[in-house]
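J.: Below you'll find the structure I mean.
Bear in mind that the values in this text are calculations on the coordinates, not laboratory data. Keep in mind it's a predicted model, so treat the numbers as computed, not measured. Note that we place each Cβ from the backbone using ideal geometry, even for glycine, and neighbour counts take in every protein chain shown.
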Amino acid sequence: MRRIAVVLLVTTLVACQKDEFSSAPSVSAPKGEESAVPLQDGNTNMPANHPPTGSNPLVQNAAPVQFGSPAEFGKNGPLRWVAPESWTASQPASSMRLAEYVVPPAEGSQAGELSIFYFGAAGGGGVEANVTRWIGQFSGVDGAAPISNQTQETVNGMKVHRVDASGTFNPGMSGNGVPRENHRMLGAIVESSAGLYFFKLVAPADTIAARQAEFETFVKSFSPGA
């Protein structure tokens, strides 16, 4: 009888342990992107210091401007642009990017990546928040502040905010968390009639130096569209 009682007690305990989690929801881990690449600032897993998105169109509503293929980049929508012939338009690595270009490397260096974002008329988190975040992704020698510069200009009637930062690039989880020394970023935020457009070029410093004139020409090509 004692053995039977012990068996019944053990069975009851096991049953209680199963019931404790029986109502827990079943969760499946999302599949990773097959084409994940470095410098993927537009990953849907936002970094901790990303500007608050609130209820704006950042995630809930897809960008109203979409391109059918990389060949259409900059040719329609509220903002138009012309990329240098040496740049290669490529399918965006993340659904949050509007467009993407591979910028040729300096001799003996690595290529750069220009990512373009547009989140609707009220989306994106504002100019200052993004400039602060972009500069914050860089650090100087021994933890010192990075070298950075901010300017503002008018291009074809539109206000364009420029940012230039260099040092060690810390992409966070969007770039596998691997710091990249001696990197530089050229950024431009355009105040179009339909909201902010964000342009961010990140590359080794020597590649940026070799392609800076092309980036300047690229910015000068910005023009209002329909």
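J.: Quote the FRET efficiency, to the nearest 0.05, computed for LYS159 versus GLN91 with a Förster distance R0 of 30 Å and r equal to the Cβ-Cβ distance.
T.: So the FRET efficiency works out to roughly 0.50.
J.: Which net charge results when you count Lys and Arg as +1 and Asp and Glu as -1 among the other residues whose beta-carbon is under 13 Å from that of GLU191?
T.: 0
J.: Net charge near PRO84, counting Lys/Arg +1 and Asp/Glu -1 over other residues with Cβ under 9 Å of its Cβ?
T.: -1
J.: Next question. Return the inverse of the average 1/r over all pairs of distinct C-alpha atoms in region 70-224, which is the Kirkwood hydrodynamic radius, in Å to one decimal.
T.: So the Kirkwood estimate lands at 15.8 Å.
J.: Using +1 at the Cβ of each Lys and Arg and -1 at the Cβ of each Asp and Glu in region 70-224, identify which of ALA121, ALA106, SER139 lies farthest towards the dipole's positive end.
T.: ALA121
J.: Take the Cβ-Cβ distance between GLN66 and ASP142 as r, set R0 to 41 Å, and report the resulting FRET efficiency rounded to the nearest 0.05.
T.: 0.40
J.: Evaluate the charge dipole of region 70-224 about its Cα centre and quote only its size in Debye, nearest 20, assuming +1 on the Cβ of each Lys and Arg and -1 on the Cβ of each Asp and Glu.
T.: 340
J.: All other residues with a Cβ under 15 Å from the Cβ of VAL160 taken together, and with Lys, Arg as +1 and Asp, Glu as -1, what is their net charge?
T.: For residues surrounding VAL160, the net value is 0.
J.: Here's something else I'd like to know. Arranged by the count of other C-beta atoms within 10 angstrom, fewest first, what order do ASP206, ASP142 take?
T.: Fewest-to-most Cβ neighbours within 10 Å comes out as ASP142, ASP206.
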